[in-house]
Amino acid sequence: MKETCKILDCTIRDGGLVNNWEFSVEFVRDLYNSLNEAGVEYMEIGYKNSPKLLKGADSGPWRFLDESFLREVIPHKGFTKLSALVDIGRVDENDILPREESMLDLIRVACYIKDVDKGLELVKKFHDLGYETSLNIMALSHVLEHELIEVLQEINNSVVDIVYVVDSYGSMDFKDIDYMVEKFKQYVPNKQLGVHTHNNMQLAFANTLAAAAKGVVYLDASVYGMGRAAGNCATELLVSHLKNPRYELRPLLGMLEKHMIPMREKWEWGYIIPYMISGTLNEHPRVAMALRSSAKKDEFVEFYDTLTSVEAVVAKNES
């Protein structure tokens with residue numbers, strides 16, 4: 001396992017959902033250097049979405065990556081490759097340079113099950129430009145089995161390199177991960193697999209290891225677990241646990257000490273009870289995020305009762 005796995009750090013991309021991508025150039029540069037020294041294979045440096053298609057969006061440059069800006073941020077690219085993620089309907093294909101002219105190596109396409117066909121169209125365009133590609137199917141815990149099998153068969157015939165098992169709601173345990181990975185291996189045998197977990201039930205690390213034990217190669221993580229709501233599997237845990245001789249923990253400890261601990265005092269993410277409740281109930285984390293932004297942020301019982309009321313269950317089933 002330690003020889004085949006590859007860590008993809010998404011601190012900037014997923015962590016930006018915590019602080020609206022308010023990362024300084026110094027932070028991002030230090031993170032890249034730390035990951036590079038630690039031997040981490042990929043750093044997802046943000047989104048390659050278009051501001052033209054996200055009118056009114058107010059966020060840092062990491063949501064709308066610009067090639068010339070990237071070259072200023074990382075003037076000397078090392079071992080660690082760079083990736084970016086795009087959303088369906090939010091990327092202008094004309095903004096994507098051929099790979100040989102770009103700082104990016106991997107472009108990941110995120111979509112829901114209903115938009116897999118559109119996702120694969122984007123993947124084909126990025127593939128033809130020379131990029132490594134992945135398709136990240138979000139909210140798998142809400143996907144019916146026959147729908148999943150149908151799209152996986154379509155994906156297997158595509159040019160995409162990597163297909164991701166994504167636990168968007170942080171509601172899966174190791175049995176769910178095992179099931180999903182086996183299903184993916186059965187229907188996309190020609191593709192490499194990745195996993196992206198969330199820590200609502202403190203299972204992100206365990207679920208990531210469970211996926212790796214089943215042969216999943218690409219493991220998403222973030223330093224100090226920084227990511228939307230409950231956050232992700234921690235990069236430093238994977239680096240220390242996988243025992244790959246290339247990995248070195250010390251540079252990440254420096255990043256934690258210098259940047260992450262002070263940042264955690266300003267921005268909230270990680271295992272917090274409302275996120276546990278939303279994960280347990282297989283609910284989108286936005287409901288818990290809304291609670292944490294309200295005056296009732298610590299009223300856990302009322303929150304639980306609201307989500308489990310007859311009205312809420314009926315509305316969920318109807319949707």
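The values are calculated or read from the model by the stated rules, or taken from the named source; none is laboratory data. Computed from a predicted model, the values in this text were never measured in an experiment. Heads up, the Cβs are rebuilt from the backbone with ideal geometry, glycines too, and the neighbour counts pull from every protein chain shown. Only protein heavy atoms, including side chains, enter the accessible area calculation; ligands, DNA and RNA are left aside. Shrake-Rupley method; radii C 1.70, N 1.55, O 1.52, S 1.80 Å.
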Within the stretch 153-165, residues in contact (Cβ under 8 Å) with a residue 40 or more places away in the chain and not in a loop (DSSP other than H, G, I, E, B) come out as I162, Y164, V165
Tell me the residue from D95, D105, D117, D128 that is within 25 Å of L53 (Cβ to Cβ), open to solvent by 10 Å² or more (accessible area, probe 1.4 Å) and touching a residue at least 60 places away in the same chain (Cβ under 8 Å), please.
D105
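Residues checked against (1) open to solvent by 50 Å² or more (accessible area, probe 1.4 Å); (2) assigned to a loop (DSSP other than H, G, I, E, B); (3) not basic (K, R):
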residue: G16; (1), (2), (3): no, no, yes
residue: E22; (1), (2), (3): yes, yes, yes
residue: F27; (1), (2), (3): no, no, yes
residue: N33; (1), (2), (3): yes, no, yes
residue: E37; (1), (2), (3): yes, no, yes
residue: W62; (1), (2), (3): no, no, yes
residue: G78; (1), (2), (3): no, yes, yes
Within the stretch 80-101, residues more than 22 Å from the chain's Cα centre (by Cα) and either in a loop (DSSP other than H, G, I, E, B) or of a type in the set (F, W, Y) (or both) come out as L97, P98
Is there a residue being touching a strand residue (DSSP E or B) at 6+ places or on another chain (Cβ under 7 Å), at pLDDT 95 or above, in a helix (DSSP H, G or I) and open to solvent by 30 Å² or more (accessible area, probe 1.4 Å) anywhere in the stretch 186-207?
yes
Return a yes/no flag: does the stretch 261-273 have any residue that is small (G, A, S) and open to solvent by less than 60 Å² (accessible area, probe 1.4 Å).
yes
Residue hits (the stretch 218-246; open to solvent by 20 Å² or more (accessible area, probe 1.4 Å) and either touching a residue at least 12 places away in the same chain (Cβ under 8 Å) or in a loop (DSSP other than H, G, I, E, B) (or both)) are Y224, R228, E236, L237, H241, K243, P245, R246
Looking only at residues that are touching a helix residue (DSSP H, G or I) at 6+ places or on another chain (Cβ under 6 Å) and of a type in the set (A, V, I, L, M, F, W, C) in the stretch 32-68, which one is nearest to R90 (Cα to Cα)?
F64
Does R108 meet the test of being within 26 Å of L31 (Cα to Cα), more than 21 Å from the chain's Cα centre (by Cα) and among the basic types (K, R)?
no
